[in-house]
Amino acid sequence: MFGSATRGTDAVVRSADAITTPGESQGVRQPVATDLAATVGKVAGVAAAVPNIQGAGQLVGANGEPVGGQGPPTLAGNWITDPELNPYRLAEGRAPQKSGEVVVNRGAAEKGDLRIGDTTTLRTPDPVRVTIVGLATFAGEDGMAQVTFTGMTVADAEKYLTARPGEAASIQVRAGPGVSQQELVDRLTPVLPRGVEAITGQESAEENNEMISSQFLGVFTTFLLVFSGVALLVATFSIHNTFAIVVAQRTRENALLRALGASRRQVTVTTLVEATAVAVTASVAGLAGGIGVAAGLQALFPALGFPFPEGTWWSRPCPWRCPWPSGSWSAWAPPCCPPYAPA
Amino acid sequence: MTTTTALTTTRPAARVVDAVKVYGGGDTAVRALDGVTVTFPAGRFTAIMGPSGSGKSTLMHCAAGLDTLTSGTARIGDTDLGGLDDRRLTLLRRDRVGFVFQAYNLVPTLTVAENITLPLDLAGGRGDPEWIDALIDVVGLRDRLHHRPAELSGGQQQRVAVARAFAGRPDVVFADEPTGNLDSRSGQEVLGLLGRAVRETARTVVMVTHDPVAAAHADEVVFLADGRLVDRMDSPTADRVLDRMKAFEVPS
């Protein structure tokens, strides 16, 4: 999702030093001067260079309540006019042209019951009266999950979102035709002042992904893995127990077969074949059920405002692997263990 | 496997010598068999009788190789069961002995025909089709071959079990209370079948029963009490067996 939203950015110019804290991969960076965008824009092979000013801005909805509450980040920034460099796309209305005009992502607008033309307050945290002139989408969705975004004019962004005017978090650069990301970075580096670096757009997207994976998704993935491990354990024990009972109930029948001349091996093989058949059938049924649940979740999450990235459930290995060891081990173990008395 | 059908009554089909079987241990040990020596001659129909708990079923199980003796020896023909490993014991059960149980113990998912040939199928052989065919006529189940056991009466099911027991032409067929679950008419049919099998085809049958009428179908009755062999009776009749049984009930 982030990859596709920032695809148009070929290079990012930013402060080289990051103040990182443990557990945070991206850290806080010094701002760069906004007018560096003009310098960068003159370098050969640069198609566009725009400052990216970032800050916090909480929209107040039509009912007077802040949109998004205490949950997801509420971001504000300058509305980048170059459509290739802006991860947001204008879906309705127009871009902000004068002070006080803003574009908000469509999801935030719907949540706050705000429409184009409405005037509301943006807390940056100082309250700013803004008029909504456009609605934006992020990578084709109504927003980046539940994050709200408010895009202002560069002047407003500098005024309200940064400590001092003339500072931006970074400068987004788009290469001209035939210039690769690496070539662009190589050309930019000589013109940059000390303490400022250029990285390719790809590296920037990877850093973003890494930040999100390591911080939020990392915890989430661990939680899910632990949870599925517990489920696997419980399932294994239940299946093992059930099958042990089934085998015990068969003792009489198995004893009869033994009395009629069946060898120990024949009885064991019969039970194992049955166990295998049951395990395969049950695993297929469980897998089908899991696919159904996954499909349901895939429909449910976007409905709740958490659109899924590219790739679907079947590209994940876990749902394919889990049922097999659980079913096969637990069904196979009991017939191998209990003693088959001859009578 | 010997396929002898010799009519000599002197050759033992099965024999136990000084058989002792103790269940459990310590204070709760139960001496089910206490030094029993008995021979079941080939080509004869022998009934084992005795009051409940006298050890008659235990004797049969040990003689048939379904259970092992604590001490003493059990033989089928010339084979000492005590010296057999699991595989040889399986082969012996497969080829040389047949069983008829009180509860029929047919496999409910198989048809009558499949139940009859089950021991042969387990052995992986085809058996003797003519013998099986004749057997089906003897037990009178030709029109029921493709029915399931649940669709048959108790007497019919037990006749299937008898046919199954004889399907592999075993040296000895052991029957454990074969008429215990049957009404008297069905019981008579089954007993008649066992008797005919012995007399007409020179098979050997050992039957455990507590019913004097059933015992009267046998050539010989052996009486057990408290794990010991206490009496034998040739050419029994129901009245004589009943009189002998009554003697056990007198408190000693």
Ranked by GNM mean-square fluctuation in chain B (Cα springs under 10 Å), the top entry among B:Pro51, B:Pro108, B:Pro12 is B:Pro108
GNM on chain B, Cα springs under 10 Å; top mean-square fluctuation among B:Gly127, B:Gly155, B:Gly43 goes to B:Gly127
Counting only protein heavy atoms and rolling a 1.4 Å probe, one gets per residue an accessible area for segment A:223-303 in Å² of 59
For segment A:34-94, the dipole about the Cα centre with charges only on Cβ (Lys and Arg +1, Asp and Glu -1), to the nearest 20 debye, works out at 100
Per the charge dipole of the protein assembly as shown (beta-carbon charges, Lys/Arg positive, Asp/Glu negative, Cα centre), the residue among B:Ser71, A:Gly261, A:Gln298 reaching farthest to the positive end is B:Ser71
Amide H neighbours of B:Phe174 at under 5 Å, excluding residues fewer than 5 places away on the same chain, with H built from the backbone geometry, are B:Gly98, B:Phe99, B:Val100, B:Val206
Shape descriptors of the protein assembly as shown over alpha-carbon atoms, Rg and Dmax in angstrom, are 44.5, 127
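Give me the 1.4 Å probe accessible area per residue for segment A:2-212, excluding ligands and nucleic acids, in Å².
That works out to 47 Å² per residue.
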Whole-Å distance linking the alpha carbon centroid of segment B:75-112 with that of segment A:37-60 is 90
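Please report, as a whole percent, how much of the solvent-accessible surface of segment A:2-212 comes from carbon and sulfur atoms (probe radius 1.4 Å).
Numbers: 4990 of 9950 Å².
The value for segment A:2-212 is 50 percent carbon and sulfur by accessible area.
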GNM on chain B, Cα springs under 10 Å; top mean-square fluctuation among B:Leu141, B:Leu122, B:Leu89 goes to B:Leu122
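Could you tell me what a quarter of the Cα convex hull surface of segment B:90-184 works out to, in nm² with one decimal place? Mind showing how you got there, number by number?
Details: hull surface 23.2 nm².
Over all viewing directions, segment B:90-184 projects a mean Cα-hull area of 5.8 nm².
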The size of the Cβ-based charge dipole (Lys, Arg +1; Asp, Glu -1) of chain B about the Cα centre, to the nearest 20 debye, is 260
In square angstrom to the nearest 100, the accessible surface buried at the B/A interface, both sides summed with a 1.4 Å probe, amounts to 1300
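With the convex hull built on the Cα atoms of segment A:142-209, state its orientation-averaged projected area in nm². Let's see the in-between values first.
Numbers: hull surface 27.4 nm².
For the Cα atoms of segment A:142-209, the hull's average projected area reads 6.9 nm².
Taking 51 Å as R0, compute the FRET efficiency from the Cβ-Cβ separation of A:Asp82 and A:Thr281 and round it to 0.05. Mind dumping the intermediate values first?
Values: r = 57 Å, r/R0 = 1.13.
So the FRET efficiency works out to roughly 0.35.
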Reduced to Cα centres, the span from segment B:158-186 to segment A:84-134 in Å works out to 92
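Taking all protein chains in place and a 1.4 Å probe, what share, in percent, of the accessible surface of chain B do carbon and sulfur account for? Walk me through the numbers on the way to the answer.
Values: 5520 of 11240 Å².
Of all accessible area on chain B, carbon and sulfur atoms account for 49 percent.
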For A:Val196, the residues 5 or more places away or on another chain with a placed amide H closer than 5 Å to its own amide H are A:Ala16
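Can you count the Lys pairs in the protein assembly as shown with C-alpha separation below 27 Å, eight or more apart or on different chains?
Numbers: A:Lys42/A:Lys98; A:Lys42/A:Lys159; A:Lys98/A:Lys111; A:Lys98/A:Lys159; A:Lys111/A:Lys159; B:Lys21/B:Lys56; B:Lys21/B:Lys246; B:Lys56/B:Lys246.
Total qualifying Lys-Lys pairs in the protein assembly as shown comes to 8.
Rounding to the nearest 20 debye, state how big the charge dipole of segment A:2-212 is about its Cα centre with +1 on each Lys and Arg Cβ and -1 on each Asp and Glu Cβ. Don't skip to the answer; put the middle values down first.
On the way: 17 positive and 25 negative charges, 103 e Å.
Dipole magnitude for segment A:2-212 comes out near 500 debye.
If you count only protein heavy atoms with a 1.4 Å probe, what accessible area per residue comes out for segment B:36-116, rounded to a whole Å²?
It amounts to 35 Å² per residue over segment B:36-116.
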Test assert for segment B:104-134: residues whose accessible surface shrinks by at least 40 Å² between chain alone and all chains, 1.4 Å probe, equal B:Asn105, B:Leu122
Charge dipole of the protein assembly as shown built from unit charges on the beta carbon (Lys, Arg +1; Asp, Glu -1), centred at mean Cα; most positive-end Cα among A:Asn105, A:Ala275, B:Ala214 is B:Ala214
Distance in Å, no decimals, from the C-alpha centre of segment A:240-281 to the one of segment A:140-214 is 66
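The values are calculated or read from the model by the stated rules, or taken from the named source; none is laboratory data. Everything numeric in this text was worked out from a predicted model, so none of it was measured. No Cβ is skipped: glycine too gets one built from the backbone with ideal geometry, and neighbour counts run over all protein chains shown. Calculation scope for accessible area: heavy atoms of the full protein, side chains included, ligands and nucleic acids excluded. Shrake-Rupley method; radii C 1.70, N 1.55, O 1.52, S 1.80 Å.
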